[in-house]
Amino acid sequence: MEVYLDNNATTKLDSRVLDEMMPFFTEMYGNPNSLHKFGTVTHPAIAKAIDQVYTALNASDDDDIIFTSCATESNNWVLKSVFNDIIVGGNKDHIITTEVEHPSVLITCKWLESQGVKVTYLPVNDQGVVEPDTLKSFITDKTALVSVMWASNETGMIFPIKEIGEICKERGVLFHSDAVQAVGKIKVDLQDVHVDFVSMSAHKFHGPKGVGALYIKNSQELSPLLHGGEQMGNRRSGTLNVAYIVGMGKAIELATTDMQDTIASIREKRDRLEDALLEVEDTFVVGNRDNRNANTILISIRGVEGEGMLWDLNNSGIGASTGSACASAELEANSVMLAIGADNELAHTGIRLSLSRFTTDEEIDYTIKHFKKAVERLRAISSSYAKVKPTPGGEAQECELH
Ligand code: 7TS
């Protein structure tokens, strides 16, 4: 059996999305900027995709939604353009983000620091979320931007974006949120929440890889990251990737229609899996379920290195993650777990399991069985895990093996 439980890294393309995309590879392949009919025939499809994204996010007509190549681009765009537009030559020099952002925010902030920007990385509480009061104390009149993710890719924890948005509005500071792990998983209502810029990526909700978007409130100014042919109203140059844009539109529509039922079904499977895994002693799941994406479990298994666990799961046909796939080639402790306050040993034992609407009950049963087997095997050979061993003829006693 093969079980894919790494849906926070990417998801399978929904076949209904592929069906919508196909004609734009081979039949309607014209450049939308061309004036002949080969180009113009694509316009209604692009307009439909834009509508689908606006509807899914309840964006207003005054807002802009600009297609990009991915959320990494959207995040880079906001951070670098706020730097260029507001910080360079201005009297502000400060950006606030969190310790637990995706590398596309964190590494960009590190680069901005090398350009002289002061960056505050907000700590998170033991649930892995930023508390709005913490933010309040760091905003100064030098702060140009606050960038806080909507939900964590590692823990699935949902951040208090509405409260943070209110604080930013009150203090007159621009607010960006990386909503990659929120769109299609929880309600993202851009008229209910005050946020200036929102990043998203289609492949996290069963759309194609290589297409994302940036939402810009009230179509406000933000200088382009990519200059060139002036596509997308001169906000993002580059020939429109029509098939992928069409795919993103269809995928977001599918992900947000009847979302509550879909999410409830994912939650049921996730909870059953989580309950079963927590039966294994010395295991911990990060973050309470009520405030966590319904598809995500970040579980620590005392005495079991995450990489060893991945290996065993992979050998059983189960795809999981020790954290962000972008960084998982490095044998490092899970930085989000460290930020939450886990000790170094525990932070090496995190395994992320992330479900999707395609995850089945049979797959959950199979995963429970093989997860438990793997823990047993790996703990038996672990040099650090305290095992209870019976002494010959005597009572069981705890012996620490270091
Ligand atoms: N922001 C968040 C919160 C993400 O989870 C990811 C991808 C990105 C940005 C980047 O998206 P991209 O489409 O530009 O690549 N997150 C992960 C992950 O958790 N494991 O692999 C990729």
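Points to keep in mind about this one:
- Convex hull volume per residue in cubic angstrom - Cα atoms of region 109-233: 142
- With 10 Å bins from 0: P(r) over the chain, alpha-carbon pairs, percent: 5, 22, 29, 24, 14, 5, 2, 1, 0
- Ignoring aspartates and glutamates fewer than eight residues from K142 along the same chain, the ones with Cα atoms less than 17 angstrom from its Cα are D85, D93, E113, E170.
- Sites E170 and D51, calculated FRET efficiency, Cβ-Cβ separation with R0 35 Å, nearest 0.05: 0.60
- Hz values of 3J(HN,Hα) by residue in region 5-13 - Karplus curve (6.51, -1.76, 1.60), Gly and Pro given as x: 10, 10, 6, 7, 7, 6, 10, 6, 5
- Theoretical FRET efficiency, 1/(1+(r/R0)^6), r = Cβ-Cβ of R289 and K12, R0 25 Å, to 0.05: 0.50
- Of the solvent-accessible surface of the chain, computed with a 1.4 Å probe and all protein chains present, 51% belongs to carbon and sulfur.
- For the chain, adding -39500 (n - 2.57) for each run of n ≥ 4 DSSP H residues and dividing by the number of residues yields -11000 deg cm²/dmol at 222 nm.
- Within straight-line cross-link reach of K373, lysines at Cα separation under 21 Å, skipping those fewer than 8 residues along the same chain: K269, K387, K389
- 3J(HN,Hα) from dihedral phi, region 222-239, Karplus parametrisation 6.51/-1.76/1.60, rounded to Hz, x for glycine, proline: 7, 5, x, 7, 10, 9, x, x, 6, 5, 6, x, 6, 9, 8, 7, x, 3
- Sequence-distant residues sharing a close amide H with G212 (under 5 Å, placed H): T68, S69, C70, A202
- Between region 234-267 and region 72-105, the alpha-carbon center distance in angstrom: 26
- Sequence ranges 244-252, 184-192, ranked by mean other-Cβ count within 10 angstrom, highest first: 244-252, 184-192
- Additional length obtainable on full extension of the chain from L278 to F138, 0.36 nm per residue less Cα span: 46.6 nm
- The GNM of the chain, with springs linking C-alpha atoms under 10 angstrom apart, assigns the highest mean-square fluctuation among V124, V336, V41 to V41.
- For the chain, share of DSSP beta bridges that run antiparallel, in % to the nearest 5: 60
- Gain upon complete extension [F25, N125; 0.36 nm per residue less C-alpha separation]: 31.3 nm
- Gyration tensor verdict on region 1-63 (Cα atoms; rounded if a/c is under 1.5, prolate if a/b is larger than b/c, oblate otherwise): oblate
- Per-residue Karplus couplings for region 77-87, computed as 6.51 cos²θ - 1.76 cosθ + 1.60 with θ equal to phi - 60°, are listed in order as 4, 4, 5, 6, 6, 5, 4, 5, 7, 10, 7 Hz, Gly and Pro entered as x.
- Under the convention that each Lys and Arg Cβ holds +1 and each Asp and Glu Cβ holds -1, the size of the dipole of the chain around its Cα centre is about 680 debye.
- With viscosity 1.002 mPa s and temperature 20 °C, the Kirkwood radius over alpha carbon pairs of region 241-300 converts through Stokes-Einstein to a diffusion coefficient of 158 µm²/s.
- When the chain is treated as a Gaussian network with alpha carbon springs shorter than 10 Å, the biggest mean-square fluctuation among E332, E345, E279 belongs to E279.
- Once Rg and the Kirkwood radius are both taken over the C-alpha atoms of region 184-276, their ratio Rg/Rh works out to 1.07.
- With protein chains left intact and a 1.4 Å probe, residues in the chain average 44 Å² of accessible area per residue.
The values are calculated or read from the model by the stated rules, or taken from the named source; none is laboratory data. All values reported here derive from a predicted model rather than from experimental measurement. As a convention, Cβ positions derive from the backbone with ideal geometry for all residues, glycine included, and neighbour counts pool all protein chains shown. These accessible areas exclude ligands, DNA and RNA; they are computed on the full protein's heavy atoms, side chains included. Shrake-Rupley method; radii C 1.70, N 1.55, O 1.52, S 1.80 Å.
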